Amino acid sequence: MKILVGDALHEAGIELLRKVADVEVAAGLNEKQLIEKIRSADALLVRSKTKVTKNVIQAAKNLKVIGRAGVGVDNIDLEAATKRGIVVVNAPEASSITVAEHTIGLMLAMARKIPFADASLKSGKWEKKKFVGIELRGKVLGVIGLGRIGTQVVAKAKAFGMQILVYDPYISEKLAMDLGVKISDLDEVIKNSDFITLHVPLTEQTKRMIGKKEIEKMKKGAFIINCARGGTVDEKALYEGLKSGKIAGAALDVFEKEPPLESPLLKLENIVVTPHLGASTEEAQRYASVIACEEVIRTLKNEAPRNVVNMPVFSQEVLEKLRGYLPLAESLGKFSIQLLKGRISDVSITYCGRLLEVEELKVLTNAALRGLLSPILSESVNLLNAPIVAKNRGVRVTEGRREESEKFSSLIILKVKADGEETEVRGTLLGEEAKIVGIDGYSLDLAPRGEILLVKHEDRPGTIGKVATSLGKRKINIATMQVGRKEAGGTQLMVLTVDQQISKEVLRTVSKIKGVRRAMAVEL
Ligand code: NAD
C-alpha cells in the first residue's frame with residue numbers, strides 16, 4: 001500500500017502512516033507532478049497548500065481516501081472525490097485547545113497590560129504606576145458561541161475564578177448544565193460582562209453581531225476579545241468604542257480584512273493584536289497531522305472514520321433513487337431552524353407513501369440534520385457526520401415511517417422542538433420539483449428557495465393589506481403570496497416570497513403591525 005504526503009505534515013502523523021504503508025513525502029508538487037505521483041497511491045495527505053484538483057483525482061487509480069491535516073477543505077475538489085467514491089477526512093478539533101489558550105492569553109495580556117508594559121520598558125522607561133492592571137478572578141466572562149473552542153475557554157476561565165455567562169441559542173440546556181454554565185440571552189451577556197469573547201462562525205446572524213448598539217449597552221470599561229472570525233465584530237464601532245474609552249481594551253486575532261495593515265485600529269493604544277495566530281502552535285500542527293493520519297488509516301482499514309467531509313459511503317444506487325429528496329430534506333431542515341431560532345432538543349422525521357419503497361432512508365434524515373445544523377456551526381456538517389454532530393449537541397433524533405401520505409405520492413414530515421417550541425414542516429416532490437406543502441398545520445404550496453416572509457396574524461380584515469403596504473414602503477417587492485387559516489377568526493398564516501432580503505429592521509416593523517402575532521424571515 002502506498003501513501004503520498006503532499007504537504008509538510010508534522011512527523012508524528014507520518015510515523016503512524018509508516019507503520020501501515022510505504023510513505024512518500026513529496027511537498028511542493030505542482031499539478032503535473034502530483035498527477036504522476038498520485039496514480040499508484042492508496043491515500044493522499046495534505047494541508048492547505050496542495051491543490052487536489054479534479055485532474056489529480058481523475059488520474060488516481062487506487063485512491064481511497066484524502067486526509068486534510070486541518071479544518072478547511074477548499075483546496076480539495078470534494079465533488080470530484082465524492083463522484084469517484086473517495087472519502088475525504090479532516091481534523092476539525094485539532095486546534096480547539098490552542099485557540100482557547102490564545103484567547104486566555106489575550107485576556108491576560110489586556111488585564112495586565114503586558115504588551116504595553118513590554119513596549120514601554122524596551123523603550124527605556126520604568127513606568128510601574130502606568131501599568132496597574134486588574135485580576136480576572138471574580139470578573140464576568142461573556143462567552144458567545146459554546147462550540148469546541150468556546151467550551152475550552154469556559155473550562156480555562158473557570159480555573160481563574162471567573163463567573164461565566166454564555167450566549168449560544170443553539171446549544172442544549174443539558175450540555176450547558178454539564179459544563180456548569182448558565183445560558184443567557186445576548187442582551188444579558190452584553191450588559192453584564194467585564195470581558196466578552198466570541199467563538200462563533202461567521203454567518204448572516206453573527207455578522208457584526210457586536211456593533212454600535214451592543215457596545216453602547218456594555219459596561220463602561222469592558223474588554224472584547226475576538227479569536228473567531230473577522231466581521232463578527234463591527235470594526236468601525238469597536239474603533240469608536242475604544243477611542244471614547246467606553247471599551248477599555250480589545251484583543252483581536254482576526255480581522256474583517258487580513259492583513260489589516262490599513263486599519264485605524266492598529267493605531268490605538270488600548271488594543272492588542274495578533275496576526276491570525278489562534279491555531280498556530282506546534283501541538284495543534286501535531287494533533288492535526290496525527291488526527292488526519294489516524295482517520296486515513298481507519299478508512300484504509302475499512303473502519304468508520306469520525307471526521308468525514310464528503311459522503312461516498314452511501315451507495316450510488318440509494319443516492320440516485322433519492323436524488324430529488326435529498327435537497328428537499330435539507331431545505332426542510334434549513335427552513336425549520338430559521339423558524340425556531342432556539343436550542344434544538346428533538347428532531348422527528350417521518351417518511352410517508354412511496355418513499356417507503358426505498359429501504360435505506362437514513363441519508364435523508366442526515367440531509368435534514370445537515371440543513372438544521374450547518375447554518376449554525378463552523379465545522380462542515382455532511383451526510384455522514386450529521387447524526388454524530390447532532391448527538392454531540394444533545395439533539396434526540398427519531399425516524400418514523402407511515403404508509404398514508406395524504407394527497408401526495410410521497411411526503412416528508414419534519415418536526416423540530418427547540419426551547420419548548422415546536423414546528424412542523426412538510427415537503428414533497430411534485431414531479432422533479434421540491435415543494436413545502438405544510439407549515440404548522442397550514443397547507444400551502446411553496447418552492448423552497450429565495451427570501452420568504454412568514455407572518456402569523458389575527459384573522460381579521462385589513463391586516464394583510466397593512467403588511468403588504470409596509471413592505472412596499474421599504475421597497476420590498478412581493479413575488480407571491482399565500483394565506484391560510486385553520487378556522488375563521490383564528491390565526492392566519494401569510495407566506496410571502498419577496499425579491500429583496502428581509503432585514504431585521506423590516507421584520508421588527510412587520511411584527512409591530514396591529515394584529516400580527518409573529519413575523520419570521522427565512523432564506524433558502
Ligand atoms: P463550532 O462549530 O464548534 O462552534 C460554534 C458555536 O457557535 C456553536 O456552538 C454554535 O451553536 C454557535 N453559534 C452559531 N451561531 C450563533 C449565534 N448566532 N449566536 C451565538 N452562538 C452561535 O466552532 P469552533 O471550532 O468552536 O470555532 C469557533 C470559531 O473560531 C469559528 O469562527 C472558527 O472559524 C474560529 N477559529 C479561529 C481560529 C483562529 O486561528 N483564530 C482557529 C480555529 C477556529
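Read the figures in this text as sums done on the coordinates, not as results from a lab. Here the structure is a predicted model, which is why all the values come from computation and not from measurement. Ideal geometry is used to build each Cβ from the backbone, glycine not excepted, and the neighbour counts take in all protein chains shown.
Tabulated data for the structure shown
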quantity	calculated
Kyte-Doolittle at least -1.0, axis length at least 20 Å by Cα - qualifying DSSP helices, the chain	96-111, 282-300, 325-340
Farthest positive-ward along segment 316-383 dipole, Cα basis, beta-carbon charges - from 350, 324, 376	376
Ellipticity estimate at 222 nm from DSSP helix runs (n ≥ 4, -39,500 (n - 2.57)) divided over the chain, nearest 500	-9500 deg cm²/dmol
Reachable lysines from residue 486, criterion Cα separation under 27 angstrom, eight or more residues apart if same chain	334, 341, 407, 415, 417, 435, 456, 466, 512, 514
Candidate lysines for bridging to residue 257, where Cα separation is under 17 Å - those fewer than 8 sequence places away on the same chain excluded	207, 236, 267
Highest-first arrangement of 229-237, 120-128, 510-518, 362-370, where packing means the average Cβ count within 10 Å	362-370, 229-237, 510-518, 120-128
Net charge contributed by nearby residues that have their C-beta within less than 15 Å of residue 120 (K/R +1, D/E -1)	+4
Segment 6-79 - percent relative contact order, Cα under 8 Å, separation 6 or more	33 percent
Where GluC sites (Glu not before Pro) fall in DSSP loop in segment 143-207, at most 15 other Cβ within 10 Å	204
